[in-house]
Amino acid sequence: MLHIVLYHPEIPPNTGNIARLCAGTGTRLHLIEPLGFSIDDRHLRRAGLDYWPHVDVTAWPSLEAYLAADGAGRRLVSTSARRGEPVQRFSFTAEDSLLFGPESCGLPLEVQNRADAHVRIPVKDCIRSLNLSTSAGIILYAALAFLGIPEEW
């Protein structure tokens, strides 16, 4: 099962949209603290709509805590606008943890360096990066396509 790991997410609607994505794909969602919002934030809840009961979500006090517990034995795949294998050529595994950084600055270099692999979405140089929830959707569905998306869940 794939996992999405949001490292220090800042914007509630992005996390809510990603939670909805996880509900629709059976992907586990991990939130690495500190969060830029309260887990009860109304914007977070609104973006996730009524799908929250279908989301397997866990908040962790640190990336180290996640890696020592639920992330143990999984390949940690960092995402970046400029670093890594283009998503369309990347070989995903069913147990990958897809790691995304905060919206304002992306993953710090020291966190990227902890990853086992790196993937990126090719974009033109006229923008810094894509929106976090858009990026999560692109990368998750690329992984599912690589692994064989079920026609129905």
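Some observations on this one:
- Which labelled figure in (1) 15.9; (2) 17.3; (3) 15.4 is Kirkwood radius over Cα pairs in Å, once derived from the coordinates: (3)
- Averaged per residue, the chain has 50 square angstrom of accessible surface, using a 1.4 angstrom probe with ligands and nucleic acids left out.
- Estimated dipole of the chain in Debye, rounded to 20 [Cβ of Lys and Arg +1, of Asp and Glu -1, Cα centre]: 440
- Relative contact order [Cα under 8 Å, 6+ residues apart], the stretch 1-112, whole percent: 35
- Surrounding net charge for Asp70, when Lys and Arg each add one and Asp and Glu each subtract one, Cβ distance under 14 Å: -1
- Around the Cα centre of the stretch 56-125, unit charges on the Cβ atoms of Lys, Arg, Asp and Glu (plus for the first two, minus for the last two) sum to a dipole of about 340 debye.
- Spatial separation of Cα centroids for the stretch 18-36 and the stretch 126-146, in angstrom: 14
The values are calculated or read from the model by the stated rules, or taken from the named source; none is laboratory data. Note that this is a predicted model, so its numbers are computed, not measured. Ideal geometry is used to build each Cβ from the backbone, glycine not excepted, and the neighbour counts take in all protein chains shown. The area values use the complete protein model at the heavy-atom level, side chains included, leaving out ligands, DNA and RNA. Shrake-Rupley method; radii C 1.70, N 1.55, O 1.52, S 1.80 Å.
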